[in-house]
1. Where in region 131-250 are there helices (runs of 4 or more DSSP H), lying fully within it, with 1 or more residues that are closer than 30 Å to LEU720 by Cα and modelled with pLDDT of 90 or more?
2. Which residues, taken from region 441-457, are out of contact with any Lys or Arg (no Cβ under 8 Å at 6 or more places or on another chain) and either within 12 Å of ligand 2 (Cβ to nearest atom) or farther than 15 Å from LEU292 by Cα (or both)?
3. Go through (1) over 22 Å from GLN623 (Cα atoms); (2) at pLDDT below 60 for GLU520 and report which single condition fails.
4. Are there helices (runs of 4 or more DSSP H) fully within region 265-364 with at least 2 residues that are within 16 Å of ligand 2 (Cβ to nearest atom) and polar (S, T, N, Q)? List them.
5. Taking region 402-454, which residues are in contact with a helix residue (DSSP H, G or I) (Cβ under 7 Å, 6 or more places away or on another chain), at pLDDT 90 or above and surrounded by fewer than 23 Cβ atoms within 10 Å (Cβ to Cβ)?
6. Report, by residue number, each residue of region 278-295 that is more than 25 Å from ARG249 (Cβ to Cβ) and charged (D, E, K, R).
7. Would you be able to say whether some residue in region 377-394 is more than 16 Å from ligand 2 (Cβ to nearest atom), more than 40 Å from the chain's Cα centre (by Cα) and at pLDDT below 90?
8. So which residues in region 36-81 are over 19 Å from VAL113 (Cα atoms) and without any contact (Cβ under 8 Å) to a residue 60 or more places away in the chain, if there are any at all?
Amino acid sequence: MINLTTPIEKLARVGPRFSTRLKKLGIKTVRDLLWHFPARYEDYSKLSLISDVNSVGQMVSIAGKIADIELTRSWRRHMTIINATIKDKSGLIHAVWFNQPYITDALKVGTFVSLSGKTSLDKNGLYLSSPSYEKIDSSTHNLKPITYNLVHTGRLVPIYPETEGLTSKYMRFLIKPLLAQISAQGGSASGGKSISDPLPLELLTKYNFPALAYALQAIHFPENLKQAAAAKQRFAFEEILLFQLRVLRDHRQLQSLKAPQIKFNKELVASFVKKLPFELTNDQRIAAYEILQDLERPFPMNRLLNGDVGSGKTVVALIAAYQTINAGLQAVFMAPTEILARQHFQTITEMLASQSPIKIGLLIGGEAKQWPNDETETEKIPKKLMYKKIAAGEINLLIGTHAVIQKDVIFKNLGLVVIDEQHRFGVEQRMKLVKNSNLSPITYHLSPHLLSMTATPIPRTLALTIYGDLDISLIKEKPKGRQQIITKIIPRNKRDGAHKFIEQQIKNGRQVFVICPRIEMSKTDGFARAKPISQAKLVWAEVKAVTEEYEKLSKNVFPQYRVAMLHGRLKSKVKDEIMKKFKDGHYDILVSTSVVEVGVDIHNATIMMIESAERFGLAQLHQFRGRVGRGPHQSYCFLFTSPVRNHPAEGTATTASGRPTSNGTSSSDTPVGRHLRALELTDDGFQLAEMDLKIRGPGEFTGTQQSGIPDIAMASLSDLDLIKKARLEARLLLKDDPALKHYPLLAIRLAEIQRLVHFE
Ligand code: ADP
Ligand code: MG
């Protein structure tokens with residue numbers, strides 16, 4: 001008997017070849033198969049009488065008997081052609097198929113058949129051109145096929161996300177019989193186990209969601225679109241609910257841990273702030289205050305500090321670190337790359353120079369530094385010595401990369417962990433840091449407080465879902481006197497002008513970033529998120545695009561200047577090195593894919609030039625823009641749009657969200673152009689992020705990919721109402737029954753998800 005855990009190899013319709021292809025998609029069991037939802041539906045549901053078919057290019061569904069069918073081979077053109085005549089009570093119509101000789105095995109004279117396809121016209125009149133077809137049971141020979149028995153024609157037909165070597169027709173062929181088997185079992189009292197519904201009955205009733213077996217049927221083979229939408233809602237709700245349950249449980253677990261209570265010393269903080277070379281903005285003040293209050297609690301803080309590039313997050317984190325250190329504890333700052341770690345070390349030592357003395361360490365893959373240096377030791381010290389100093393508590397603040405959480409690093413008494421650009425570290429990785437902190441000696445039983453920082457503005461809906469109960473502090477306000485970055489969409493015919501302007505800037509000693517188009521080789525639409533067909537191909541195509549742009553700029557456009565290039569294929573050491581040389585002024589132009597570091601300060605860079613800007617989301621474009629304007633000079637962001645696919649990718653160019661790029665035009669009066677125009681008008685990252693969420697959906701946001709939210713839920717993340725419901729219900733479920741004893745199926749699903757996440 002088939003149940004949800006049956007491996008796909010056991011299915012009669014899955015041979016070794018297809019089983020490999022399915023597995024590539026992560027489909028291993030019947031469950032995976034049934035949860036592989038269609039991206040959209042083709043509407044073949046309107047059944048016509050043949051006599052009513054009368055216009056060209058019309059999509060029609062008909063049913064009838066094969067009156068005649070014949071196969072001809074055209075040797076010259078290497079082709080087989082099948083001509084058939086179909087007859088119903090109202091008349092006759094022809095159908096033609098090319099190069100599908102096997103059709104004559106299925107369709108013979110006298111076969112009842114249902115056909116859906118487009119009409120074409122030739123000298124003999126209207127005919128159906130390569131229609132989808134399927135045999136109908138002869139018992140329905142009154143030629144009114146019962147819709148739900150049809151699979152490929154005469155109904156709403158599911159179209160699955162396109163994947164290499166697996167057609168929608170094949171997926172339907174696999175899924176349709178499974179649905180029948182599963183729901184037959186679900187109906188009986190004894191065998192119902194294989195398809196029991198994890199959603200509590202109360203919730204199904206309360207929100208009028210379809211039950212599982214029905215919803216599966218409805219999402220794959222709906223009778224109408226409303227039914228499909230209801231099923232989709234139900235699955236999205238279920239996934240978001242499970243996700244919320246997980247987040248809430250994690251949160252509870254955190255709150256059950258003990259952290260050092262660090263008293264908010266107002267005089268200390270006030271004197272620290274007074275010695276800063278600038279006034280804090282209001283938002284910085286509020287964020288710092290929220291953090292300092294968290295530190296007083298007896299359980300670990302778990303707060304996200306979210307503020308645009310340049311909003312001044314570092315100093316806020318530093319205030320928290322300063323307070324922690326003055327309470328006699330250690331703090332650690334973790335950055336995703338060496339170059340960012342070095343930058344933090346430099347700016348933080350500068351900022352702390354005027355404050356009461358604390359000892360700062362830098363620890364990255366290859367080296368360790370201390371500040372201020374000892375009389376007996378230089379700034380650079382052996383890593384072993386650094387470990388010793390950390391363990392002895394002689395280093396108060398440690399700054400570094402992943403190196404700071406390696407097993408050799410044991411703190412004496414770690415009170416605060418700050419993670420910069422947190423999206424670069426997985427959600428689970430962050431939790432681990434706090435939960436089973438291997439950073440402290442066994443005798444130190446306290447967990448550190450955790451502050452994560454990100455420059456990706458995250459719309460509220462999304463934040464609620466991804467981070468659940470993570471507390472969030474927002475810095476929206478920019479420090480006073482920040483320059484506006486002049487942003488312009490550059491049409492094709494103004495390109496030369498832009499190049500001249502750029503040249504002038506370089507002549508004046510400024511530097512330029514060039515971002516190459518994003519390439520994603522996947523095709524989906526509807527509510528399934530785009531799945532890259534092959535990551536390797538994608539990276540390869542990006543490297544090729546960057547190389548071409550690099551060649552073009554260095555040889556043709558700016559031959560007299562120093563051009564460097566950066567892409568994801570380079571080792572991170574090499575990337576760091578190129579970035580460092582750019583920062584130190586060894587290059588005039590840096591051509592790059594989107595890998596360019598968010599946080600690196602290049603004070604002298606004044607131009608951000610983005611190729612095929614329409615392929616990026618607004619939030620990401622805004623991030624790129626934030627990489628200039630960090631010094632004293634007026635800065636510019638030029639958005640170039642592409643007329644046609646002008647990159648060398650194999651496969652079809654699509655926008656990052658998987659939709660094909662607008663066919664050719666992206667001037668300002670197309671939807672794409674209008675959306676880019678928002679960048680000219682505002683530099684509010686949050687506003688842009690909200691727009692992006694509406695336009696492109698949530699898949700685009702950095703960090704959401706690692707969140708473990710399934711596609712179906714992802715697509716519904718802009719549905720605030722659904723999220724609210726799921727959050728509320730998750731809370732209520734856990735309130736009285738934290739172990740979900742009354743809902744064992746839900747508990748099992750939750751455990752499964754947690755296991756999956758840990759294996760990633
Ligand atoms: P980000 O939020 O991107 O990490 P940083 O913390 O690197 O931003 O701050 C960017 C720059 O702004 C730094 O040079 C910092 O010293 C400066 N800065 C921070 N806060 C203020 C402020 N309130 N007024 C003026 N300059 C500030
Ligand atoms: Mg920063």
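1. Once the helices (runs of 4 or more DSSP H) in region 131-250 are filtered for at least 1 residues that are closer than 30 Å to LEU720 by Cα and modelled with pLDDT of 90 or more, what remains is 201-207, 212-220.
2. Result: ILE442, THR443, THR454, THR456, PRO457.
3. Of everything listed in (1) over 22 Å from GLN623 (Cα atoms); (2) at pLDDT below 60, GLU520 misses just condition (1).
4. Numbers: elements: 266-274, 282-295, 313-326, 338-352.
Fully inside region 265-364 and qualifying: 338-352.
5. VAL409, ILE410, LYS412
6. Applying the first criterion (more than 25 Å from ARG249 (Cβ to Cβ)) to region 278-295 yields 278-289, 292.
The answer is GLU279, ASP283, ARG285.
7. yes
8. The answer is THR72, ARG73, SER74, TRP75, ARG76, ARG77, HIS78, MET79, THR80.
The values are calculated or read from the model by the stated rules, or taken from the named source; none is laboratory data. All figures in this text were calculated on a predicted structure; none of them were measured in a lab. All Cβ positions, glycine included, derive from the backbone under ideal geometry; neighbour counts span all protein chains shown. Quick note on the areas: whole protein, heavy atoms, side chains included, nothing else; ligands and nucleic acids left out. Shrake-Rupley method; radii C 1.70, N 1.55, O 1.52, S 1.80 Å.
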